[in-house]
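Peer 1: Pasting in a structure now, in structure tokens, and then I'll have a few things to ask.
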Amino acid sequence: MAATQYAFRAQKTAGIADGPSWEVSSRIPTDTTAARCYAHSLDGEWFAYAEGSKVHVLPSSSTSTTSTITINQPNVLALSFSPLSTNLFTFERPVKQDNGEMHRNVKAWDVKTGEEVNGWHSKNMDGWEPIITSDESHLIRPQASDISIFSPPLSSKPIVRVRVEGVTSSKPIHPYQEPAVAIWIGEKKGAPASVSLYPLSSLLGKATETRDLPNTMARKAFYKADKLQVKWNNAGTQALFLAQSDVDATGKSYYGETNLYLISLDGSFDGLVDLDKEGPIYDFTWSPNSREFVVCYGYMPARVQLFDMKAKPVHSFGSQHRNFLLYQPQGRLLLSAGFGNLAGGVDIWDVSTRNKVAEFKASNSSHCEFSPCGQYILTATLSPRLRVDNGVRIWWCGGQILHIQPVEELYQASFSPRLVKDIQPFPPVVPKAPEPNESVAKYGKKGDTVNGAESKPAGAYRPPGARGTVASDIYSRRDDDKPSGSGASSPTPMFRGGKPAGRYIPGAPIPGSVPKEAPAEDKKKRTRKRGKGENGATNEEKEKVEKVTEELAKVEVKDEDNKEDVGDDSNAKKIRNLTKKLKAIEELKTRLANGEVLERTQVKKIESENQVRDEIASLGGSA
């Protein structure tokens, strides 16, 4: 079994690090600068990277005797291997030719000889990679008005052209039984968008034939689909489609509306995946066993839910601040994490027992993946997403940090892949973690904890005018029926009605409250000082001071009366505001009685009716 390794590419360097020591090997010169891209072959045997005017292809293994192949091809922006590592495909930025011919900016090269085999034109970088079946028998190229199918893959003419008006995307799979293609046609002239699944054999016809799309049972039509993301299961029997619209007509989300659909290739099932929590869909992924999938959805904290092949919920992994999902290649462990604008918390779950195996925090991470052996997890902070703390971290599947490699302006990092048949089974119990190397002590930050649960979660923010009130907690988004609150056990006195009762000075007594009496010892000390006289004062001066003190006390009493008047006005305002809330609750109850479906927050508002009435009664009003 080949050793686990990862590759990285940065502004000033590139390299391959071999585990378990994770030392950077000398297969790539350390002075390699400005490498534009790199790619691994699917079996992990070959590694290619482009720099300047050349592309280098070398064996991934450090013990291989195969020499490095150099391809003289400038301005390469992307690389891709064919499924059996027979050919290497390169992409260049399209350039207008002087003779008016189309620039062949996608080229195919023989991996063993480095000779150019074929090429064609691609307008943009999105979807440039050639679509080739896993046995390399057919190549599929979607175009503006048709889909061309080539066999052999690099032949000059297609064997079939399938006419598709307004084709948006075609996504095949790496087949295990039979190759299949998903074709998405966007909305046009009021007609809904549609997704259709076809076995590749149903699209093939006579040689050089141009034909229309055949009928299929696996088809789903829907509106609100400006973008589409497709994920097939490994068996090639079902596909998940995430349809996303740029604008949410209901106004609930700034990022548009998302819906998830499940379709079977044989047409036995197609429908919307019913999610029981409002909010966007952040991520979804198939299990390697092809029998279940996981979805992360809903307003934060998001819910992670496991579904079966019929889109029925099987198990909930709870609600956390997560937006990323990843299955271990063996399918035993599930990783859920919160990256991007979230804190970087990572949970590792045992799918069979539904128990949490580990929890740690990978702050500022923008990339994450499992190693082919399933024992290591790679997290990386990449540029230009973040230009500070760039580097690679290797974790054990039990949550322990093993290796840290800081790299300035890191652009890309990934494990070397392996074929499914070459992946070793994962043991039934998570193995013991090896000892971390010296880089952890050298580059690890002080205060970092392996277990993210040790850090105290921050409470929800409440504006000053809403802190401590019971009614303000009703509108917080929570999965349970308990209000989230701001952590206060009782309402803050100066914000008792939701608004400040008056000007409040921190440290001063609350307006309207009874001042605390001074301790007995302080009274005795003051009495002694009065008896002796302050600074040798005479009895006449004492009498004058006492008269002035009495006058000031009278003034303070008048001020207290004014404060009581202000307090009464404040209570009246609070009662008016609470009465408005009651009126709004009555309107919602009327809408509910008429059969209208209310939102969760509106239902919570109706449930707060008794609390609002009690608050009015405590202020002396009548509800």
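The values are calculated or read from the model by the stated rules, or taken from the named source; none is laboratory data. Quantities reported herein were computed from a predicted structural model and do not represent experimental measurements. Counting neighbours? That spans all protein chains shown, and the Cβs are built from the backbone with ideal geometry, glycine included. For accessibility, only protein heavy atoms count, side chains too; no ligands or nucleic acids. Shrake-Rupley method; radii C 1.70, N 1.55, O 1.52, S 1.80 Å.
Peer 1: Whose amide H sits under 5 Å from the amide H of residue 15, counting only residues 5 or more places off or on another chain, with H placed in the peptide plane?
Peer 2: Residues meeting the criterion, in which the H sits 1.01 Å from N, are 8.
Peer 1: Something else about it: If packing is taken as the average number of other Cβ atoms within 10 Å across a peptide's residues, how do 430-442, 273-285 rank, most packed first?
Peer 2: Values: 430-442: 13.2, 273-285: 17.2.
By packing density, highest mean first, the sequence is 273-285, 430-442.
Peer 1: Could you order peptides 395-405, 152-162, 289-299 by the average number of other Cβ atoms within 10 Å of their residues, highest first?
Peer 2: Values: 395-405: 21.0, 152-162: 16.5, 289-299: 19.5.
Output ranking for 395-405, 152-162, 289-299: 395-405, 289-299, 152-162.
Peer 1: With the cut-off at 27 Å, tell me which of the pairs 107/157; 96/188; 107/224 have Cα atoms farther apart than that. Display every interim value, and only then the final one.
Peer 2: Numbers: 107/157 16 Å; 96/188 31 Å; 107/224 37 Å.
From 107/157; 96/188; 107/224, over 27 Å: 96/188; 107/224.
Peer 1: In debye to the nearest 20, how big a dipole does the range 239-330 give about its Cα centre with +1 on each Lys and Arg Cβ and -1 on each Asp and Glu Cβ?
Peer 2: My answer is approximately 300 debye.
Peer 1: How many Å² of accessible area per residue for the range 1-62, probe 1.4 Å?
Peer 2: On the way: 2570 Å² over 62 residues.
About 41 Å² of surface per residue is accessible.
Peer 1: Give me, ordered by chain and number, the residues 5 or more places off residue 324 or on other chains with an amide H under 5 Å from its own placed amide H.
Peer 2: Residues meeting the criterion, in which the H sits 1.01 Å from N, are 337, 339.
Peer 1: Show the residues, 5+ positions off or on another chain, whose built amide H is closer than 5 Å to the amide H of residue 23.
Peer 2: 18
Peer 1: So what J values fall out for the range 387-398 if you push phi through Karplus, 6.51 cos²θ - 1.76 cosθ + 1.60 with θ = phi - 60°, rounded to Hz, Gly and Pro as x?
Peer 2: 9, 10, 6, 5, x, 10, 10, 10, 10, 7, 5, x
Peer 1: Moving to a separate point now. Note down the relative contact order for the range 337-394 as a percent, whole number, built from C-alpha pairs under 8 angstrom at least six residues apart.
Peer 2: Answer for the range 337-394 is 23 percent.
Peer 1: Further question on the same structure: Per-residue counts of other Cβ atoms within 10 Å, averaged by peptide: what ranking do you get for 69-78, 593-602, 231-240, highest first?
Peer 2: 231-240, 69-78, 593-602
Peer 1: What's the center-to-center distance, using Cα atoms, between the range 1-55 and the range 186-202 in Å?
Peer 2: The range 1-55 and the range 186-202 have Cα centres spaced 40 Å from each other.
Peer 1: To continue, here is another question. Would you mind getting the accessible area per residue of the range 293-435, heavy atoms of the protein chains only, 1.4 Å probe, in Å²?
Peer 2: 40
Peer 1: Lys/Arg Cβ at +1, Asp/Glu Cβ at -1, dipole of the range 361-436 taken about the Cα centre: which of 407, 427, 370 is farthest positive-ward?
Peer 2: 427
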